[in-house]
Amino acid sequence: MLEALTLSTAVVALAEMGDKTQLLSFVLAAKLRKKKAIISGIFFATLANHFIAGSLGAWLASLLSPQTLKWIVAVSFFVFGAWALKPDKLDDDKKLHGTGVFFTTLIAFFLVEMGDKTQLATVALAARYNSLVSVVFGTTLGMIIANAPAVWMGEALAHRVNMKAMRIVAAGLFVLLGILTLLAPLKQG
């Protein structure tokens, strides 16, 4: 489903701007300096994390009535819109001793993404669209679009991108998705 793929990519790419996983990308690039291994770790961590999240969203969609699901997804998008306005910060400097760059990135990124707005958005998008593969591929692509430049260009990019403006655009997109969800005709189970 092209709509699910396109929207999932755009939502996550914008929502990821200034997100803690993007900040983690900057930190990993500065500390570990193996860009290809870091981007590979981000890709596979996101794919696994968002597949789990998307599967949860699809499963929840199968349990709920179309009307209930519509309201839960719409309200979720409104909450994500508000959440997108709040700048993220990385917590403690968690070190993973004895692992290579790829596995350090894979594990750190997977764990930091748990409960993150982009992971929860993946749950909502998968519940909204009946296309798990499109949503997971789209959200993973959006994550790479936002984080690969962070790895390749590091701090220089962080100071050139207006993160506040990106958070406002992401918040607006989440609110728009909530409104479109409410206006969309009900899916009949």
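From 45, 58, 74, grab the single residue that is of a type in the set (A, V, I, L, M) and under 14 Å from the mean Cα position of the chain (by Cα).
Details: 58 fails: under 14 Å from the mean Cα position of the chain (by Cα); 74 fails: under 14 Å from the mean Cα position of the chain (by Cα).
Going through 45, 58, 74 in turn, just one is of a type in the set (A, V, I, L, M) and under 14 Å from the mean Cα position of the chain (by Cα): 45.
When the range 123-152 is examined, which residues are found to be touching a Phe, Trp or Tyr at 6+ places or on another chain (Cβ under 7 Å) and farther than 21 Å from residue 80 by Cα?
150
Return the residues of the range 100-134 that are closer than 11 Å to residue 5 by Cα and within 11 Å of the chain's Cα centre (by Cα); say none if nothing qualifies.
125
Restricting to the range 124-133, what's the tally of residues that are more than 21 Å from residue 175 (Cα to Cα) and in contact (Cβ under 8 Å) with a residue 60 or more places away in the chain?
Residues of the range 124-133 that are more than 21 Å from residue 175 (Cα to Cα), as a first pass: 131-133.
Now narrow it down to the ones that are in contact (Cβ under 8 Å) with a residue 60 or more places away in the chain: 131-132.
Residues that pass the stated criteria total 2.
Specify the residue that is nearest to residue 181 (Cα to Cα); the eligible residues are those in the range 1-32 that are touching a Gly at 6+ places or on another chain (Cβ under 6 Å) and crowded, with 24+ Cβ neighbours inside 10 Å.
Checked the range 1-32; the qualifying residue nearest to residue 181 (Cα to Cα) is 8.
Any read-out appearing in this document is the output of simple, stated calculations on the displayed coordinates, not a laboratory observation. What you are looking at is a predicted structure, and each value in this text was computed from that prediction instead of being measured. Cβ: placed from backbone, ideal geometry, glycine included. Neighbour counts: every protein chain shown.
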